[in-house]
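The values are calculated or read from the model by the stated rules, or taken from the named source; none is laboratory data. Note that this is a predicted model, so its numbers are computed, not measured. Note that we place each Cβ from the backbone using ideal geometry, even for glycine, and neighbour counts take in every protein chain shown. All accessible areas refer to the heavy atoms of the entire protein, side chains included, with ligands and DNA or RNA removed. Shrake-Rupley method; radii C 1.70, N 1.55, O 1.52, S 1.80 Å.
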Amino acid sequence: MTLLPAQTNKKLGLVIDLDVCVGCHACVVNCKEWNTGGYGAPLGDVDAYGDNPSGAWLNRIHTFEVTPDDAPAQIVHFPKSCLHCEDAPCVTVCPTGASYKRSEDGIVLVDESMCIGCSLCAWACPYGAREMDPVENVMKKCTLCVDRIYNDNIPEIDRTPACVRTCPANARHFGDFADPNSNVSTMTRERGGYDLMPEMGTKPVNQYLPPRKKSRPEETTEIAPAFVPKAGEGLLGWLDRALEKLG
Amino acid sequence: MHPAISVIFFTVTSGAGFGLMTMIGLGFPMHNGIVAAFLSYLLGGGLAVAGLLSSTFHLGHPERAWRALSQWRSSWLSREGVIAIITLLLFAVYALIWMFTGQRIAPLGWAVAAGSLLTVYATSMIYAQLKTVPNWHSKLTPFCYLAFSIASGLLLAGMIGKATLILGLPTPTIIVIALGIAWIIKSVWWRRADTIGFSQTGSNTGTATGLGHLGKVRLLEKPHSGENYLTHEMVHQIGRKHALKLRAIAYILGGIIPVIMCTFALFITPVFFLLIAAISMIIGLFAERWLFFAEAKHAVSLYY
């Protein structure tokens, strides 16, 4: 059913910390690995070892350069996957009912056996979260690892999305945004988490945490005093004091 | 957006077919007799069906196309399919009665006309609803589709029908007026599309990444070295290369030549000149529809 649920009991989603992400693509690779063997058909590739490889991925990392007016440029690695929007335009445009948003937890999924591969959902998504599988010819998207998070057959520690589980920098967090005291709600509140393209009116569930403010040379910071060279004891201390006396 | 030939063919030919069905349904004077009625039915219904069948060729799973009839409550694509099938069935009944009794049942014809226009409207809304593609996301888009459908339908009806006067004016004159209206709407549409950018929503790479408040945001490295589905489908740029030339071709073949042919048709052998006008117009509309897709920029391009 491609009408959106009036409300969902839970709002499962991700927090992605742009301050922490190092752009290693481990989440991308683990996502592909898990999802090619999990929910639905394998994630197809075409010409994988040839001159012009391409394929379906559910999570991709872009790297942006941000240049302030008065400071040097900084690099921000930017992981992007489905945001499981509350007002998901990809769901309502679907003519077959293959796309749907679950009322129990808000996950947006595709029933691949009903998908006709018309691409309209991918056109409706501003974020590029959906990709057509080049082998199966059905639409693929992030499932929030629905086959992991409720899976009693794997250790409890693994019951989070593959991208979250694998991130070596802890830049990705999984939780319930409907619970104001959950890890993701707290992080979003404390770090100023934000929506991507809020002007599109999609009300994304996933939140991004901005890079922390960079210290700049002319500014005094709390950690700077620790770096003022300080004479200690021993040979170096004696040398320092002796040289000071020389003027 | 990637201009898929099957979708371009679909929107142009089914637009013309439903336009002709509208004219027949509204009672456009046609030749009577079982063969003439059948051929009129075949041209209108045939173009509409050919277009709809063509549209299934761009599907990943055409064999599941029937499923697209189920979600009419939320999806314009689904609504289009449902209305198109109902209209084609009504038109078949209308044509059968016409063929075998010589009677054209007016209320049934009006239903066919209304259904045809609704189908074209639903087609246009598939594109006009998309906030992600500002060129399309406009009230002008349905007007363009409807105006071209009516103009091409009127041209085809004038060609195969027997009307010499419509609303007190010679048939070719009426066709020229319809063509003129359609191309004026399209030129307004183009003028808007040329300047709209992403100003509708105010989106830019800064809002797409949420990093705009920190400074100037620029893509440093793509997520992958080659092309992917997104860049191929939605960040398509090759089609825009000859945009100005294609617009000129669209205006000339879709507008100017049909108008000249209609002028000839005022004086001599209308059928022949209207046939050339119709062929020229359809080719011109292919160019127009190619640009409709190729020139449209999608919000996801802000990430690339």
remark   = Exactly one of A:T63, A:T36 is of a type in the set (S, T, Y) and at pLDDT 95 or above, and that residue is A:T63
query = Can we say A:K101 is farther than 15 Å from A:A41 by Cβ and within 14 Å of chain B (Cβ to nearest Cβ)?
reply = yes
query = Any residue in region B:97-115 that is open to solvent by 10 Å² or more (accessible area, probe 1.4 Å), more than 21 Å from B:R289 (Cβ to Cβ) and of a type in the set (K, R)?
reply = yes
key: Test: A:P72 is modelled with pLDDT under 95 and more than 8 Å from chain B (Cβ to nearest Cβ)   = yes
request  = Quick one: in region B:272-304, of everything that is within 14 Å of chain A (Cβ to nearest Cβ) and not hydrophobic (A, V, I, L, M, F, W, C), which residue is surrounded by the fewest Cβ atoms within 10 Å (Cβ to Cβ)?
outcome  = B:Y304
Those residues of region B:286-304 which are under 12 Å from the mean Cα position of the chain (by Cα) and of a type in the set (D, E), in sequence order = B:E288
query = Take the residues of region B:206-227 that are farther than 19 Å from A:G201 by Cβ and touching a residue at least 12 places away in the same chain (Cβ under 8 Å): which is least open to solvent (accessible area, probe 1.4 Å)?
reply = B:V217
query = Taking strands (runs of 3 or more DSSP E) that fall entirely within region A:90-192, which contain at least 1 residues that are open to solvent by 20 Å² or more (accessible area, probe 1.4 Å)?
reply = A:99-101, A:172-176
note = B:I252 vs (1) surrounded by fewer than 18 Cβ atoms within 10 Å (Cβ to Cβ); (2) more than 7 Å from every other protein chain (Cβ to nearest Cβ); (3) modelled with pLDDT under 95: all pass except (3)
request  = Determine, yes or no, whether A:V66 is more than 7 Å from chain B (Cβ to nearest Cβ), among the aliphatic types (A, V, I, L, M) and closer than 30 Å to B:G226 by Cβ.
outcome  = no
message = Looking at B:S55, B:S74, B:S70, can you tell me which residue is of a type in the set (S, T, Y), crowded, with 16+ Cβ neighbours inside 10 Å and under 14 Å from the mean Cα position of the chain (by Cα)?
response = B:S55
